[in-house]
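These notes concern the structure reproduced below.
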Amino acid sequence: MDKAELIRRIISDLEADLDQATEAALESAESATDDEARSESKYDTRGLETSYLAAGQARHALELKEALESLRAFALPEFSATDPIALGSIVTTLSSQGRETYFILPGIGGLELETEEGPITVITSKSPLGHELIGKRTGDRVQAGGGKTILKIG
């Protein structure tokens, strides 16, 4: 599995998401300052709600931008078969839900990538599972996510 290619795919997806989020934030900001958003009575909250939406969308766009910067700056480390799990590791686990594969990266988590070997879920080291996986080795168990045994580190 080519980790660099997976990261390129993630970056491409995030760039598209950032474009959409930026456009939505700009549209919401325009709507919040539009004449139609002005309150018609003290109970009319359209303008306030629209400004909250614009702020949320702007925050989301900023988070995507920061995630992109983290991924672009990330240098994949070289791993040997005996190294513990670290950022850049692809980890296969076994639990009562079956086999699951995770790619631990900086900046963003929650994405699912389809590969020839099956789905890979991107997680960060800040997530409960990612935090617990860092430093572990093949055969170790983690409790996050209902208990998982580490089968393979790549």
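The values are calculated or read from the model by the stated rules, or taken from the named source; none is laboratory data. Computed from a prediction, not measured in an experiment: that's the story for all the values here. Methodologically, a virtual Cβ is constructed for each residue, glycine included, from the backbone with ideal geometry; neighbour enumeration extends over all protein chains shown.
Considering only residues of the range 83-123 that are polar (S, T, N, Q) and touching a residue at least 40 places away in the same chain (Cβ under 8 Å), which is surrounded by the fewest Cβ atoms within 10 Å (Cβ to Cβ)? Spell out how you get there, then give the answer.
Initial filter on the range 83-123 (polar (S, T, N, Q)): 89, 92-93, 95-97, 101, 115, 121.
Add one more test, that the residue is touching a residue at least 40 places away in the same chain (Cβ under 8 Å), and what stays is 89, 92-93, 95-97, 115.
Values: S89: 24, T92: 19, T93: 23, S95: 14, S96: 7, Q97: 10, T115: 15.
Residue satisfying both the conditions and the ranking: S96.
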(request) Could you tell me whether the range 71-88 includes any residue that is modelled with pLDDT under 80 and among the acidic types (D, E)? (result) no
(request) Report yes if L71 is part of a helix (DSSP H, G or I) and within 15 Å of R9 (Cα to Cα), otherwise no. (result) yes
(message) Six or more apart or on different chains, Cβ atoms under 8 Å: show the pairs whose first residue is in the range 1-30 and surrounded by 15 or more Cβ atoms within 10 Å (Cβ to Cβ) and whose second is of a type in the set (S, T, N, Q).
(response) L6/T115; A21/Q57; A24/Q57; A25/Q57; S28/T50; S28/Q57
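Just to be sure, is G145 buried (at least 16 other Cβ atoms within 10 Å of the Cβ), over 23 Å from A4 (Cβ atoms), within 21 Å of the chain's Cα centre (by Cα) and not basic (K, R)?
On the way: buried (at least 16 other Cβ atoms within 10 Å of the Cβ): yes; over 23 Å from A4 (Cβ atoms): yes; within 21 Å of the chain's Cα centre (by Cα): yes; not basic (K, R): yes.
Criteria met by G145.
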(request) Report whether or not P106 is at negative phi, modelled with pLDDT under 95 and outside the structural domain of A25 (by TED's automatic domain parsing). (result) yes
(request) Take P106 and decide whether it is under 27 Å from I11 (Cβ atoms) and not in a strand (DSSP E or B). (result) yes
(request) Within the range 120-138, identify whether any single residue is in a loop (DSSP other than H, G, I, E, B) and under 25 Å from D19 (Cβ atoms), and answer yes or no. (result) yes
(request) Sort through E49, E114, E63 and tell me the only one that's within 22 Å of Q20 (Cβ to Cβ), out of contact with any Asp or Glu (no Cβ under 6 Å at 6 or more places or on another chain) and part of a strand (DSSP E or B). (result) E114
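Taking the conditions exactly as written (closer than 30 Å to E30 by Cβ, modelled with pLDDT under 95, surrounded by 14 or more Cβ atoms within 10 Å (Cβ to Cβ) and of a type outside the set (D, E, K, R)), does T50 satisfy them or not?
Working: closer than 30 Å to E30 by Cβ: yes; modelled with pLDDT under 95: yes; surrounded by 14 or more Cβ atoms within 10 Å (Cβ to Cβ): yes; of a type outside the set (D, E, K, R): yes.
Yes; evaluated as a whole, the condition is true for this residue.
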